[in-house]
Structures are given as structure tokens and as C-alpha cells.
Amino acid sequence: MTKSKVTTGLALIVLSAAAVLFTGCRNTAGVKPADGAGSGGGGNSGAGGGVVLLDTAVLTLSSDKLDIKVKAVTADGSPVTVEGCTETALPSGTETELHAQGTRVTLKGKITELYCGKNQLTALNVQGLTALQKLDCRDNQLTALNVQGLSALQMLDCRGNQLTALNVQGLTALQGLECYGNQLTALNVQGLTALEWLGCYGNQLNAAAFEQLFTGLPQREESDYAKCILYTEKTGVSEGNHTDFTAPPDLADAFNTAETVKKWKMYKVNASGNSVEI
């Protein structure tokens, strides 16, 4: 074999090896890693792909309202650590005005009660607050609220937001639920064995939705004074809920069973703003 042929053969071998190596690198870069693969880690995946951090709440603010009032109560009375504000601590049990430096505020601590209403919040993540018993986030701009896994929650007040859905399944400690003034088209209370108070007027609940709701209400006793406010006639307030519980027949049966057998009192809000029994 001549020297030129040897040289040519070696060159071809080198070029072939380089092509294989290049192709292998290109394919590796082009493959999407499986969920959870890759560097990083720590924390559990929350709803919507976020990360749930234990004993942590994240408040997302409107850019035009960075001064907010918040009250938090901790299990041992210790202060709550604040991130994203000029303040770095929030005394337990004291409503405090926080001055945010951006649109994200983080609260860290063993929080059992959180009051953050009327702050124009656009999002609220409380899934890390596993000891939370009371949550008042009324009159904000929330379009979603995830309370799944908060098994200690006893009171939830999310009235006056923009919620189109609310999943309260599994909240067996929940005693009171105020969700009126939203855009809910369904509300499933099946399995909420501790529930005694429900305000759901001012939503978009039709006859089928109310039939499901009444069927899911837990058994109560007369002494529990269980109360459900179904719709409003208050002047100047729009009402999207179904208001006739005598029809259709399946709805009427579910309504009557909830009243007479399950011992729930059914109310409406009259034109003057007072709740009266139906």
C-alpha cells in the first residue's frame, strides 16, 4: 500500500469518528429530560408546577399596591420572617403594614392563621402552611386558590375574588366556608364532615350545581345551627346563582332533604342586606 493511500485511509477514519461524536452530542442536547431530572432539587412539586416550601407563604402583589396590611399568628407566638419588604419580621397576632420592594412577598414561620385580605393580591400560595387553621384572603384579585393538603384548615374566607373554581375536597376539619362574590360554577362539599357554615351567594351556581351541593352537605343536628346562604337580593348586587329551589324536582328533593333530614337552615340576603331564612 502506498503512503498516499494510508494517509487517505487514516483521514477517513478520523472524520468518521468525529461525525459519530458530533452526532452523539447533538442528540443528547436535543433530548428533553424526564420530569424531575437534571440538576437542582429540594422541595416538593406543588400545583401548577411550582415548588412547595414548608412553613412558607408567597403573596403576589399588584404593581400599583406595594403597601399591604397582613396579620399572621404562629403556633408558638414567634415572629414571622418576612422577605421582599423593608420589614424583615412580622409580630405574631399583630396586623402590620408591610412595604414591599417588588411584587413578591414571602412569609416564613409556623403560621396557624393568616389574614391578608383587601390587598389586591393577584396570587397566593399557602400550600406550605401545613398547620394553617384560618385563612382570610377576602377582597383581593385572586383567580385561583389551592388549599389542597391543608388538613388542619377550619375557616376559609375567600369572598370577593375572581375564583372560577375552588377545590375543598379533603378538608375534613373545615367548619366555615365563605366563598361568595366569586365566579364559581360548582362547589363540591362532599366529605367535609365538620362543615357548619357556608356562604356561597353571588356566584354562577345553577340548579345542577346546587343539587350536587345539597347532596354533599354533611349531617348536622339542630343544636349545630348549620347555616347556608344561597343567594342575594341586595340592591345593586348582581346574582348569578339559581334562586328557585322548588324546581326542577331533583333539586327540590335535595333542598328539602338538606333542610329536614340533614338539619341545615337555608338563607338568602334580602334587599336590605340582611340574611333571612328561605
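Just so you know, all these numbers are worked out from the coordinates, no wet-lab data involved. Remember, it's a predicted structure, so these values are computed and weren't measured experimentally. Quick reminder, even Gly has a Cβ in these numbers, built from the backbone with ideal geometry, and neighbours come from all protein chains shown.
The figures follow:
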{"item": "Whole-angstrom gap from the stretch 232-278 to the stretch 99-123, using each part's C-alpha centre", "result": "35 Å"}
{"item": "Per-residue HN-Hα couplings for the stretch 248-257 [Karplus 6.51, -1.76, 1.60; θ = phi - 60°; Hz; x = Gly/Pro]", "result": "x, x, 5, 5, 4, 5, 5, 4, 5, 5"}
{"item": "Mean separation of Cα contacts under 8 Å, 6 or more apart, over the residue count of the stretch 129-174: relative contact order %", "result": "44 percent"}
{"item": "Under 5 Å, built H, 5+ apart or other chain: amide partners of Trp264", "result": "Glu259"}
{"item": "Among the listed pairs Lys110/Lys265; Lys110/Lys262; Lys69/Lys134; Lys134/Lys268; Lys118/Lys227, those beyond 27 Å (Cα-Cα)", "result": "Lys110/Lys265; Lys110/Lys262"}
{"item": "Integer Hz, Karplus 6.51/-1.76/1.60 couplings in order for the stretch 186-197, x for Gly and Pro", "result": "7, 8, 9, 10, 4, x, 7, 5, 9, 4, 9, 9"}
{"item": "Amide H partners (placed H, <5 Å) of Thr232, local residues excluded", "result": "Gly202, Val269"}
{"item": "Length released on extending from Asn188 to Glu95, taking residue separation times 0.36 nm less the Cα-Cα span", "result": "30.2 nm"}
{"item": "Relative contact order [Cα under 8 Å, 6+ residues apart], the stretch 185-259, whole percent", "result": "38 percent"}
{"item": "Whole-angstrom Cα spans of the stretch 51-134 along principal axes, big to small", "result": "34, 26, 20"}
{"item": "Within-10-Å neighbourhood charge of Lys227 [Cβ basis; K, R +1; D, E -1]", "result": "-1"}
{"item": "Residue-wise HN-Hα coupling along the stretch 228-242, computed from phi with Karplus coefficients 6.51, -1.76, 1.60 (Hz; x: Gly, Pro)", "result": "9, 9, 9, 7, 10, 10, 4, 4, x, 10, 7, 10, x, 6, 5"}
